[in-house]
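No lab work stands behind these numbers, since they all come straight from the coordinates. All of these numbers come straight from a predicted model, not from anything done at the bench. Using ideal geometry, Cβ is built from the backbone for each residue, glycine included, and neighbour counts are taken over all protein chains shown.
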Amino acid sequence: MYINSISLQTVLGWCGISLMSLFLGKPVYGIEISPMVTALSIDSRANYQQFLITNNSNLTLPVEIDVNEIEFNPLASGASYKVISETSTDLLVFPPATVLAPGAVQSVRVQWLGQDTLANSQSYFIRFSQPQLVDDSASKSGVKIFVHFNAAVHVSSSKQQPQLVINTSSIQHQIINIDTDYSLQKKQQNTSSLLKFTVDNIGNKYATLNDYYLNITEADGNTFTIEEEALVTDQINTFFPPHSKREVSINLGRVLSKGFSLAITPVVR
C-alpha cells in the first residue's frame, strides 16, 4: 500500500506525542530528531550522515532505531510510496538503541556499507521508536504505546543526476473564476488560468520541485517565471524519485492566451 506524502510519517510521530501526553496526564513532549531529511553520497570521503536525538521530556526515554527502505510509486496518480522493512546491511545505523536522560542529546550515525555504484538513487526512513513509558494508568488499561518518528535519508552518487521534463501532451489549460478581497470588504470576481501537467524525472537521481523554475512563454514571445513558494505551495507531492511521474497544478493568478509553452529549468545554486 502506497502512502501519499513523505511528511505523513512525521505528522504521525507528533500525533503520537500528543496521545502519549494525554495518557500520562503531565508534560512529556518526547524526543526531537534533527535533521528530518538528509542526503548521503556514497562516493564522498565521508560516506555517512548523523542525526541528533534530543530528549525534551522530563523523563528518561529509551529509543530504538532501525532502517526501512522507501519504495516509490513511479506513476503520477495514486499514493506516492510505501515502506519496506530493510533486511540488508547496506545502511548501518549506530547505535541501534539508546537511553536518554531528560535534556540529553545523542548522536546517531548512518553509514553506507553497500555497493560502490548504484543504478538509481535510493531512499530510506530511519525510524526512531520510543517504546511504552511506565505509567500506572496505561498499565491498568492494557494500552501499549509506541511513538515512531521517521527521518529520511536519500542515498546517491556524484555520477547520478536528476532530469525533470514536462510531458507536453499532458498539459491542461482551464480558465477559472477567483474572488479578490479589497479593503472595503467588496469582492470582485476575476479570471485566472489553471495549469495542470505531468512532470517526468527521466534521470537516475531524485529531485525536488523547489530546486526548479517553471518558465512560461506566451504566444507573443513574452516570458515569465514561477519559482520557489509560488511553484510548490499548492502541490501534493514535490519529491520526484528516479524514473517517476508527478502531477503539478498551478493557479497563475492571470489568464494565458492560447499558444503558450512551458519549460522546467533547474535552479543554479
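Can you tell me the length gained on complete extension of the stretch residue 44 to residue 146, counting 0.36 nm per residue apart and subtracting the Cα distance?
Contour length minus Cα-Cα distance gives 33.1 nm.
Based on the alpha carbon coordinates of the range 145-269, what radius of gyration and maximum Cα-Cα distance (Dmax) apply, in Å?
17.8, 62
Grab the other residues whose beta carbon is less than 10 angstrom from that of residue 170, score K and R as +1, D and E as -1, and report the net.
With Lys, Arg at +1 and Asp, Glu at -1, the neighbours total 0.
Between residue 89 and residue 243, what FRET efficiency follows from the Cβ-Cβ distance if R0 is 22 Å, with the result rounded to 0.05?
It comes out at approximately 0.30.
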